[in-house]
Amino acid sequence: MKILVIGSGGREHALTWEFTTSDHDVICAPGNPGMEELARCVPIAVDAHEALVAMARKEGVELVVVGPEGPLVAGLADKLRAAGIATFGPGAAGARLEGSKVFSKQFFAKHGIPTAPFAVATSVAAADTAIAELTAGGEQVVIKADGLAAGKGVVVASTPDEARAAAREMLEARRFGDAGASVIVERRIRGREVSVLALTDGKRLEILPPAEDHKQLLDGDQGPNTGGMGTVCPAWAGAELLGRIAAEILEPTLRGLAADKIDYRGVLYAGVMVDAAGAPWLLEYNCRFGDPETQPIIARMEGDLGTVLAGAARGDMPAGELTWDPRVAVCVVVAAAGYPGAPRTGDVIGGLAPFDDSPALVFHAGTARRGDALVSAGGRVLGVTALGLTVELARARAYEVVAQIDLPGRQVRTDIGLRDPVA
Ligand code: GLY
């Protein structure tokens, strides 16, 4: 199949690699230097929708896989489908599950999906009232901007004062522009998080093995939140819990989408908090593959993902195609100096073996070519992903490759996977 992968991060590099292992012919837009080693990259930006549709048509692309949420929320999948091109990724109506926190929380409530108590506020006064009500028993709240805010629109407030300040920043100072014109005030649920991604054709779910992200910058879950500093797959969640997540969260979502006449063909990525009693609560949905969850999931994947996604795009996803390497996969992110605040770019990256010669899968995320040199071009620069019979062995292999990589000022967590006694 001729597959077009849209995006330029580690997730898209991992997807591209997976497709090439089944001998698909891959085009990437715009891609990155890592993807260039495997596929043809075409310099069209992810928001240049008309140009992407025209290129897909001209190239005779048989399947488009849209990586990031921005173009999905902006309706790229609708435009591709309208042009008759099979596309994996929800249209704008379905992508609101990620693109609007107000829509998604109301969807969860309407369809009986367990989620934290919440209120919607469009004014500071309404936010203050909700904060007072939801913290009356001494609980904490989380303030969430309604729209996309580059992963920065969620504030976990340790006191009501912090919550009120966050609501003002969003509603009055418009820190995130119109994305903060409405906010969710939500009671904080404490527990352990797990990422559960499911592929769907709108009728059936193909639930992928769970992954666990390490969102904070520093070891021991300290420091600021990031897009993710590393992941492990399979994560700690066992079969019984996954059964509950399927029965209480993912399946009601699929029924709710059908009831609301939303034709959803893509990834349902559930961010789930599991409380001390073992009950799963849906924090949020993303409408795309996770990054860096995709990297270790793909490292363990066996079977032809292209065939599965093409089936999902047609509304007829095949069952039983994907199987899983029993080993554990660990992805360690190598981030730039200054990340996540103001990442430094333009640093020369050394010590990388050719992709196929490395004992780990080194997925590029924020890299660019400058002449003959490979340089950093984003906050998360590389995702080094390795398999092992135990999490310790996978970690050892990943960190051995990380140690060989030279990136001035780099930031790397040393404890990825250590929370996980998966053996
Ligand atoms: N790992 C977080 C995300 O993909 O949004």
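Every number in this text was worked out from the coordinates using simple rules, so none of it is lab data. In this text, all values refer to a predicted model and were calculated from it rather than measured experimentally. In this analysis, Cβ positions are derived from the backbone assuming ideal geometry, glycine residues included, and neighbour counts consider all displayed protein chains.
Does the range 26-175 come out rounded, prolate or oblate, given a ≥ b ≥ c as the square roots of the eigenvalues of its C-alpha gyration tensor, rounded meaning a/c under 1.5 and, failing that, prolate meaning a/b above b/c?
Details: a/c = 3.12, a/b = 2.39, b/c = 1.30.
Taking the square roots of the gyration eigenvalues as a ≥ b ≥ c, the range 26-175 is prolate.
Placing a label point 7 Å from the Cα of residue 124 along the Cα-to-Cβ direction, the residues of the range 153-180 whose backbone N falls under 15 Å from that point are 161-175. In loop segments of the range 226-301 as defined by DSSP, the chymotrypsin sites (Phe, Trp or Tyr not before Pro) with at most 16 further C-beta atoms inside 10 Å of their C-beta are 236. Comparing Cα centroids, the range 46-70 and the range 337-380 end up 25 angstrom apart.
What helices does the chain hold that run 24 Å or longer along their axis, going by alpha-carbon atoms, with a Kyte-Doolittle average of -0.5 or more, using DSSP H for the helix calls? Mind showing how you got there, number by number?
On the way: long enough: none.
Span-like helices here: none at all.
Equivalent-ellipsoid semi-axes for the range 362-423 (Cα gyration tensor, √(5λ), whole Å, largest first): 26, 11, 10. Summary value for the range 115-264: 19 percent relative contact order, contacts being C-alpha pairs under 8 angstrom separated by 6+ residues. Cα convex hull, the range 147-209: 135 Å³ per residue, rounded to a whole number.
Please identify every one of the trypsin sites (Lys or Arg not before Pro) in the range 125-228 that sits in a loop by DSSP and has no more than 11 other beta carbons within 10 Å of its own beta carbon.
Numbers: sites: 144, 152, 164, 168, 174, 175, 187, 188, 190, 192, 203, 204, 215; in loops: 152, 174, 175, 188, 190, 203, 204, 215.
Answer in residue order: 190.
Give the peptides 69-82, 365-378 in descending order of average Cβ contacts within 10 Å, highest first. Can you show the working numbers first?
Details: 69-82: 21.0, 365-378: 17.6.
Peptide ranking by packing, descending: 69-82, 365-378.
Summary of packing: across the peptides 101-114, 28-41, the per-residue average of other C-beta atoms within 10 Å ranks them, highest first, as 28-41, 101-114.
Within the range 231-290, the trypsin sites (Lys or Arg not before Pro) that combine a DSSP coil assignment with at most 14 other C-beta atoms in a 10 angstrom radius are 261.
Roughly what % of DSSP beta bridges within the chain run antiparallel, to the nearest 5?
Beta bridges within the chain, antiparallel portion: roughly 80 percent.
Shown for the chain: lysine pairs separated by 8 or more places, or found on different chains, whose C-alpha atoms are under 26 Å apart, numbering 25. Between residue 415 and residue 110, the modelled label-to-label distance comes to 4.2 nm, taking each label 7 Å out from Cα in the direction of the beta carbon.
Classify the chain: rounded, prolate or oblate, from the alpha-carbon gyration tensor (a ≥ b ≥ c, eigenvalue square roots; a/c under 1.5 rounded; otherwise prolate if a/b is larger than b/c)? It comes out rounded by the Cα gyration axes. The order of the peptides 12-19, 308-315, 89-96 by mean Cβ neighbours within 10 Å, most packed first, is 12-19, 89-96, 308-315.
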